Structure formats: structure tokens, C-alpha cells
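The values are calculated or read from the model by the stated rules, or taken from the named source; none is laboratory data. For clarity, every value in this text was computed on a predicted model and none was experimentally measured. We place every Cβ from the backbone using ideal geometry, glycine too, and count neighbours over all the protein chains shown. Keep in mind that these areas ignore ligands, DNA and RNA; they rest on the heavy atoms of the full protein, side chains included. Shrake-Rupley method; radii C 1.70, N 1.55, O 1.52, S 1.80 Å.
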Amino acid sequence: MEMENQWLAYAKRLQALASTSLYFCKDEFDRERFTEIADIANSMLAQLGNVPVERITNLVSDFAKGYSTPKVDVRGAIIEGDKILLVREKSDGKWTLPGGFADVGLSPAENVVKEIHEEAGLVVAATKLFNVRHKAKGPYDPDARDFYKLYFLCECSDTTSPFTGPETSGVDFFSLDNLPELSLGRVVKAHLETAFAFHRGMVTSTLFD
């Protein structure tokens, strides 16, 4: 199993500890120290990602506003025959399972239903949770943020043809042997294979990692 760079993991952990400490800290001298630790962590992340440090700080909108926890990403797999639905993200021009950040106030299943409707124009029901992943421990593109990724099997509840939404520039069904270029920060081929295995009853329990 591939994992993210160890120094990236250290920098993210330092950033999270600084964020939580600044939220709870009352002593001004300690606040100065935790702020310095945060600055060091952000500089490390910026250098590791070869991006301006401002981009790193802008990624963490809730910094020092509460206990630092991983974000949640939900993805939905719709399988018809031997093909799976993918959408092309406008942000990078690559393809992924429809989904995105989980919104506050909605359950994971409600979130994935909403995301599929927004990105592919389909009304679906989330039927099974087939995969739970920690992004840092998978073969995804590196990310300065920490994620738990939840994958659902979904079924269409109408006969509408899929169509693009505000954040997508393409939507189509693909077979595993004819996949387009995947957005590897969002999905990898192995998890599309898991979706088919679960759909076909070859896997009967949810995978956690």
C-alpha cells in the first residue's frame, strides 16, 4: 500500500496540533509559540508542494476555530452493466466518481446524493457504503489537507440521462478497460475495481483503511 511522504504527514500533524492548541490556548506567550509552529508547518507544506505559503494557509479555512479533525469526502459509484459513471472536473480536466466535501447538516448518504445531482444531473439513492479510506494511506496525489473518503454504491431512481453541472465539463459511463485520465487526488482505479466487485457480490463487507 502506498502512503504519503512521511515529511508531509509530519507537517500536516504539526499544523493540526498548532491549530487545536491556538483554539484552546489562553496564554499569550504560548499563543506566540503555537503561531510560530503553525508558520513552520505551513512553510514545510508549501515547500513540499512547491506552492506559495499563502495557498497553504487558504486551504485551511477553519484554522484555530475548533478541534482540528480530518475533512470528509464522499463519492458515489453508479454502475450500469459493465460501465461506471464518471464526471470530468473543470478544476483539472480529469475524471472521477461524482462527489465532494460533505456539508454540515447532511448525513454522508444525503451528501453523496446531493453531489451526484449537482455534478451529473441524476436523482439517485445511496444503497451501500462499500469503502472507507484515509487519503494519506492511499495512492492518491499528495494533499496538504487530511481526508477520510467514503465511497457509496448508488442507484438511479429515474430514467434521466446524465448531464454536467456547474463544476463538471463532462459526464459519461466507462468500462474498467477503457478509463479516461483519472483525477488521482479524488479517485484511483483500484477503488473503481472495488465498486464493481461489491456491485457483483464478489465482496460482501465494507473495506476500511
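Computed from phi, the 3J(HN,Hα) profile of the stretch 69-76 under the Karplus parametrisation 6.51, -1.76, 1.60 (θ = phi - 60°) reads 9, x, 7, 10, 10, 10, 9, x Hz, with x in place of Gly and Pro.
In the context of the full set of protein chains, the chain has a per residue accessible area of 55 Å² (1.4 Å probe).
Among the chymotrypsin sites (Phe, Trp or Tyr not before Pro) in the stretch 112-209, those placed in a DSSP loop whose Cβ has at most 14 other Cβ atoms within 10 Å are PHE163. The C-alpha atoms of the chain define a longest principal axis, and helix 189-199 lies at about 50 degrees to it. Cα convex hull, the stretch 136-175: 163 Å³ per residue, rounded to a whole number. Enumerate the residues in the stretch 182-197 having an amide nitrogen under 16 Å from the point lying 7 Å beyond the Cα of HIS134 toward its Cβ. Nothing falls inside the zone, counting backbone N under 16 Å. Here the sum of -39500 (n - 2.57) over DSSP H runs of 4 or more residues, divided by the residues of the chain, equals -11000 deg cm²/dmol at 222 nm, to the nearest 500. Helix 108-120 and the longest principal axis of the C-alpha atoms of the chain enclose an angle of approximately 70°. Simple point charges give the picture: +1 on the Cβ of Lys and Arg, -1 on the Cβ of Asp and Glu, and for the chain a dipole about the Cα centre of about 340 debye. Modelled label positions at ARG145 and LEU17, each set 7 Å beyond Cα in the direction of Cβ, lie 2.4 nm from each other.
Based on DSSP loop calls and a cut-off of at most 13 other Cβ atoms within 10 Å, the longest stretch of the chain free of exposed trypsin sites (Lys or Arg not before Pro) is what? That gives 91-199 as the longest site-free run. For the chain, what does the alpha-carbon gyration tensor say about shape, rounded, prolate or oblate, given a ≥ b ≥ c as the root eigenvalues, a/c under 1.5 as rounded, and a/b over b/c as prolate? It comes out prolate by the Cα gyration axes. Toward the positive end of the charge dipole of the stretch 63-147, about the Cα centre and with charges on Cβ (Lys, Arg +1; Asp, Glu -1), which of PRO142, GLY93, SER107 goes farthest? Going by the charge dipole, the pick is PRO142. Of the accessible area of the chain, with the probe set at 1.4 angstrom, what percent is carbon plus sulfur? Heavy-atom surface of the chain belonging to carbon and sulfur, 1.4 Å probe: 53 percent. Computed 3J(HN,Hα) for the stretch 130-145, one whole-Hz value per residue from the Karplus formula 6.51 cos²θ - 1.76 cosθ + 1.60 where θ = phi - 60°, is 10, 7, 10, 10, 9, 4, 5, 9, x, x, 8, 4, x, 9, 6, 9, glycine and proline marked x. In sequence order, the stretch 171-177 has phi-based couplings of 8, 6, 9, 9, 8, 5, 8 Hz under the Karplus curve 6.51 cos²θ - 1.76 cosθ + 1.60, θ = phi - 60°, and Gly or Pro positions carry x.
Along the chain, the exposed loop sites are GluC sites (Glu not before Pro) outside DSSP states H, G, I, E and B with at most 15 other Cβ atoms within 10 Å, and the longest stretch free of them is 3-166.
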